[in-house]
Amino acid sequence: MSFRDRSAPDHTGNLQERRGERYGANGGLAARVPRFGHGSRVPGWDDAVDLSKDPAVIPDPATTPVPDELRREIEASMAKYPDRRSAAIPSLHAAQAVHGWCSPEAIQQVACVMRLTPAYLTSVASFYDMFELHPKHTHDVFVCTNISCSILGADEFYDAMAAAAEGQDIDVRSFECLGACDIGPMASVNGEYVGPLELADAERIVEDLAAGRPVLEDKQLRYRRSVDPNANMDSAGASEPASEFAEPDHPHRADTAGLTEKPDPTSRPHATDRPGPTAPLEIPPQDQSDT
Amino acid sequence: MKPILFDRIDEPALNTLEVYERRGGYEMLRKALTMTPEDVLAQIMDSGIRGRGGAGFQMGRKISFLPHGDMVKYLVCNADESEPGTFKDRELMQKIPHALIEGIAIAAYAGGINKSFIYIRGEYQLQADILEAAIAEAANAGFLGERILDSDFTLSLVLHRGAGAYICGEETGLLDSLEGKRGNPRLKPPFPAIEGLYAGPTLINNVETLATVPYILRMGGGEYAKIGTETSTGTKLISISGDVKRPGNYEIELGIPSREIIYGLAGGPPEGHNVKFWFPGGSSSPVLTGDDLDIPYDFDSMAKAGTMLGSGAIIIADERRRILDTMLKVTKFYSHESCGKCVPCREGTNWTHKMVQRIYSGEATPMDLDIMASVQEQIIGNCLCVLGDAMAMPVGSMVKKFRAELEAEIEAARERAEGAALGDVVALGVADEHAGPIPVH
């Protein structure tokens with residue numbers, strides 16, 4: 001029997017790599033360092049750059065079509081600041097919402113309205129974690145895998161979530177501390193904070209997203225009451241019975257009001273108790289009148 | 001203790017102007033506008049309140065550093081709460097946003113400031129939506145804008161959403177980000193009080209600090225200073241997470257024993273487990289062990305114990321947790337979040353992370369711990385901002401306090417790796433040629 005036959009038939013990697021595979025979680029860590037072309041850890045270092053071209057200039061408004069709504073939003077943000085460049089981040093957020101990611105086209109449109117070069121905006125977009133410079137799926141699941149959450153099992157949840165989202169229109173990312181360690185392990189699903197999560201919740205998140213309903217409604221942070229025993233004392237010093245989460249239809253919700261179209265709480269007496277998962281932000285006011 | 005900021009925090013619809021005003025909201029702004037800015041500042045000075053964001057600098061002194069005279073001055077509220085373990089500002093902004101707005105207005109009046117911003121981290125979408133609605137409500141009611149409440153005081157307030165970068169919580173990084181640039185910290189001095197946002201004098205304070213200002217005015221600065229210890233006055237919001245029964249935000253009086261917070265309020269680790277190590281002030285603070293539970297929780301006692309109160313975020317790990325896993329998370333976080341401007345931080349965080357990974361793969365030796373410790377010494381104090389220090393301090397303290405455990409981890413990982421290598425040799429058939437048993441070592 002030949003030397004090669006006794007080992008794996010397609011054995012090509014060096015000893016170090018196979019050691020990583022074989023020794024799972026611990027040994028595997030070193031092997032899991034992301035690698036790009038030619039083994040580099042720097043993404044895009046070998047992306048071709050046409051050096052004969054001049055740098056892109058500020059796009060010409062006559063030849064750069066920009067959706068009206070996006071243009072209005074960018075112009076409104078620019079008006080808020082003494083220096084228009086301050087609107088770079090809000091405008092990129094808006095463009096990403098329209099295009100799904102910060103595509104070259106999206107950057108071109110923002111650059112056109114803001115009168116900045118695409119290079120400047122790309123430099124900003126590449127600095128921040130929430131801007132995607134590559135095409136992405138519709139839904140985002142950011143799983144916090146920082147200290148507190150990982151102590152409580154966030155790494156396992158991340159693996160379960162990544163497995164559950166396989167083949168779906170969902171991006172799963174392990175994220176740095178999202179500022180909700182009290183509900184750890186937690187995740188931000190399209191911006192909605194949910195936790196504490198169990199492994200089975202991964203499937204539920206995928207189902208809820210597919211069905212288009214609010215995600216893990218019973219675990220949303222927005223309903224969580226303060227745990228501080230002194231926080232909800234009435235004047236007599238007695239604490240209200242504390243349940244960890246307010247009942248979804250209980251008026252005690254923390255996110256009440258303030259989120260739907262503003263004044264006029266009088267004409268719709270329950271308006272202040274309505275918003276939340278049953279009436280998310282996007283629902284226009286007329287849809288609520290029947291409730 | 002009767003809470004100040006958390007008083008009836010879950011009252012329904014407290015985030016609306018109507019309910020906030022019903023319980024006396026914006027009265028202090030009215031009162032402040034009848035006083036001179038100097039008197040308001042004197043009240044804040046008397047309260048002795050120290051910044052709640054991490055550095056613990058006295059707020060009144062910070063305001064007094066602003067130059068006087070006729071110029072555009074700015075106030076920036078730092079709501080980029082991204083220190084691992086910290087989530088107190090989130091609850092405040094979500095549940096009582098008008099206290100923050102009122103505090104900003106009063107602080108701006110005291111500093112002679114007419115333009116203000118709230119820089120909120122991009123991930124806090126719910127909180128940003130609530131704040132945006134609250135700002136619109138306050139502006140409609142005349143608490144923001146031109147000639148507030150018929151006085152000569154004018155103040156604009158803009159909510160600015162970030163996009164996910166820890167470094168933007170550093171004050172000068174935040175200013176660059178607010179100006180629409182990459183969030184790279186700036187060289188100090190000049191300090192922001194002299195040259196900050198758009199090169200104008202800028203006051204930067206944390207959400208909790210600013211939200212406390214109306215209550216200071218209501219109680220009177222001297223009265224507020226009676227809470228807490230002499231140098232750490234007032235109440236503080238504490239975020240507890242990790243291995244405790246009741247994680248969450250608590251409002252405490254500064255100076256109470258840490259044990260009372262961890263065991264009394266948060267219930268301590270689950271039954272049958274004990275505190276092994278804990279971060280007293282976010283992941284940037286040097287760790288303490290289960291023996292340090294009786295240290296009073298205030299700025300100076302923590303500094304004396306070789307650590308810091310930071311943002312008031314306590315992370316508890318019980319004896320089931322390996323120090324190595326936490327070290328990996330800490331180094332990964334800071335190497336990811338380093339902006340890359342200063343070499344000691346960019347390279348130091350990255351190489352420390354690699355050294356921790358080497359421990360896992362069994363390639364490290366105990367000498368690596370010494371190298372790691374020396375790298376931390378090279379980072380501290382050698383960068384524009386303290387992000388590098390924020391990794392160096394906890395990692396340095398872990399190497400110092402848990403050296404025996406780390407050495408055992410190194411040895412165990414090395415044995416595993418060598419066993420694996422020997423297994424490879426056997427599998428490859430090389431070992432067949434040797435007579436006798438294969439020595440494991």
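The values are calculated or read from the model by the stated rules, or taken from the named source; none is laboratory data. All values derive from a computational prediction rather than experimental measurement. So basically every Cβ, Gly included, is an ideal-geometry build from the backbone, and we count neighbours across all protein chains shown.
Only one entry in B:148, B:96, B:101, B:118 is more than 11 Å from chain A (Cβ to nearest Cβ), touching a Phe, Trp or Tyr at 6+ places or on another chain (Cβ under 8 Å) and not charged (D, E, K, R), namely B:101.
Looking only at residues in the range B:6-33 that are touching a Phe, Trp or Tyr at 6+ places or on another chain (Cβ under 7 Å) and among the hydrophobic types (A, V, I, L, M, F, W, C), which one is nearest to residue B:264 (Cα to Cα)? Step through it out loud before you land on a result.
In the first step, residues of the range B:6-33 are kept if they are touching a Phe, Trp or Tyr at 6+ places or on another chain (Cβ under 7 Å); the result is B:14, B:26, B:29, B:32-33.
Now restrict to residues that are among the hydrophobic types (A, V, I, L, M, F, W, C): B:14, B:29, B:32-33.
Numbers: B:14: 28, B:29: 36, B:32: 38, B:33: 41 Å.
Step by step, filter the range B:6-33, then rank; the result is B:14.
A quick yes/no check of all residues on (1) basic (Lys, Arg); (2) over 17 Å from the mean Cα position of the chain (by Cα); (3) buried (at least 23 other Cβ atoms within 10 Å of the Cβ); (4) within 14 Å of another protein chain (Cβ to nearest Cβ):
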residue: B:257; (1), (2), (3), (4): no, yes, no, no
residue: B:275; (1), (2), (3), (4): no, yes, yes, yes
residue: B:283; (1), (2), (3), (4): no, no, yes, yes
residue: B:293; (1), (2), (3), (4): no, yes, no, no
residue: B:305; (1), (2), (3), (4): no, yes, no, no
residue: B:309; (1), (2), (3), (4): no, no, yes, no
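Sort out for me the helices (runs of 4 or more DSSP H) sitting completely within the range A:67-130 that have 1 or more residues that are touching an Asp or Glu at 6+ places or on another chain (Cβ under 9 Å). Walk me through how you get there before you give the answer.
On the way: elements: A:68-80, A:88-99, A:104-114, A:118-125.
Fully inside the range A:67-130 and qualifying: A:88-99, A:104-114, A:118-125.
Residues in the range B:307-345 that are without any contact (Cβ under 8 Å) to a residue 12 or more places away in the chain and touching a Cys at 6+ places or on another chain (Cβ under 9 Å): B:343 only. Using the structure shown, decide if residue A:110 is closer than 20 Å to residue B:82 by Cα, at pLDDT 95 or above, buried (at least 24 other Cβ atoms within 10 Å of the Cβ) and touching a helix residue (DSSP H, G or I) at 6+ places or on another chain (Cβ under 8 Å). So residue A:110 does not fit the description; no. As a summary of the residue check, residue B:67 satisfies the conditions (1) out of contact with any Pro (no Cβ under 9 Å at 6 or more places or on another chain); (2) more than 8 Å from every other protein chain (Cβ to nearest Cβ); (3) not in a helix (DSSP H, G or I) except for the one numbered (1).
Of all the listed residues (B:145, B:222, B:180, B:200), the sole one being surrounded by 22 or more Cβ atoms within 10 Å (Cβ to Cβ) and either assigned by TED's automatic domain parsing to the domain that holds residue B:87 or of a type outside the set (S, T, N, Q) (or both) is B:180. The requirement of being within 7 Å of another protein chain (Cβ to nearest Cβ), more than 22 Å from residue B:71 (Cα to Cα) and in a helix (DSSP H, G or I) is satisfied by residue B:133. Residues that are in a loop (DSSP other than H, G, I, E, B), within 27 Å of residue B:59 (Cα to Cα) and touching a Ser or Thr at 6+ places or on another chain (Cβ under 9 Å) within the range B:231-255 comprise B:232, B:234, B:254, B:255, listed in sequence order.
Checking each residue in the range A:214-232 for being part of a loop (DSSP other than H, G, I, E, B) and out of contact with any Asp or Glu (no Cβ under 9 Å at 6 or more places or on another chain) picks out only A:229. State all residues of the range A:147-171 that are surrounded by 23 or more Cβ atoms within 10 Å (Cβ to Cβ), in contact with a helix residue (DSSP H, G or I) (Cβ under 6 Å, 6 or more places away or on another chain) and among the hydrophobic types (A, V, I, L, M, F, W, C); if no residue qualifies, say none. Result: A:147, A:161. One residue alone among B:325, B:294, B:370 is in a helix (DSSP H, G or I) and either assigned by TED's automatic domain parsing to the domain that holds residue B:184 or farther than 30 Å from residue B:163 by Cβ (or both), and that residue is B:370. At least 2 residues being at the interface with chain B (Cβ under 10 Å from one of its Cβ atoms) and touching a His at 6+ places or on another chain (Cβ under 9 Å) is the threshold, and among the strands (runs of 3 or more DSSP E) wholly inside the range A:153-201 not one reaches it.
Residue by residue through the range B:230-254, note down the ones that are more than 19 Å from the chain's Cα centre (by Cα), surrounded by 19 or more Cβ atoms within 10 Å (Cβ to Cβ) and more than 9 Å from every other protein chain (Cβ to nearest Cβ).
If the condition is that a residue be more than 19 Å from the chain's Cα centre (by Cα), surrounded by 19 or more Cβ atoms within 10 Å (Cβ to Cβ) and more than 9 Å from every other protein chain (Cβ to nearest Cβ), then B:244 is the only one that fits.
Would you confirm whether any residue within the range B:414-421 is modelled with pLDDT under 90, in a helix (DSSP H, G or I) and exposed (fewer than 13 other Cβ atoms within 10 Å of the Cβ)? Among the residues of the range B:414-421, not one is modelled with pLDDT under 90, in a helix (DSSP H, G or I) and exposed (fewer than 13 other Cβ atoms within 10 Å of the Cβ), which makes the answer no. Considering each residue of the range B:35-43 in turn, at least one proves to be touching a Phe, Trp or Tyr at 6+ places or on another chain (Cβ under 8 Å), assigned by TED's automatic domain parsing to the domain that holds residue B:159, assigned to a helix (DSSP H, G or I) and not charged (D, E, K, R). Taking (1) closer than 20 Å to residue B:382 by Cα; (2) at pLDDT 95 or above; (3) not assigned by TED's automatic domain parsing to the domain that holds residue B:257 in turn, residue B:286 satisfies each apart from (3).
Against the condition assigned to a loop (DSSP other than H, G, I, E, B) and free of Cβ contacts under 8 Å to residues at least 60 places away in the same chain, how does residue B:382 come out, does it pass? Considered against the rule, which asks whether it is assigned to a loop (DSSP other than H, G, I, E, B) and free of Cβ contacts under 8 Å to residues at least 60 places away in the same chain, residue B:382 comes out as yes. Looking at residue A:126, is it more than 17 Å from the chain's Cα centre (by Cα), hydroxyl-bearing (Ser, Thr, Tyr) and at the interface with another protein chain (Cβ under 9 Å from one of its Cβ atoms)? In short, no.
Checked against the criterion of being within 12 Å of another protein chain (Cβ to nearest Cβ) and farther than 29 Å from residue B:16 by Cα, the range B:185-198 contains one or more residues that satisfy it.
Condition check ((1) under 24 Å from residue B:44 (Cα atoms); (2) without any contact (Cβ under 8 Å) to a residue 24 or more places away in the chain; (3) of a type in the set (D, E, K, R)) across all residues:
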| position | (1), (2), (3) |
| --- | --- |
| B:110 | yes, no, no |
| B:119 | yes, no, no |
| B:123 | no, no, yes |
| B:132 | no, no, yes |
| B:159 | no, no, no |
| B:165 | no, no, no |
| B:177 | no, no, no |
| B:180 | no, yes, no |
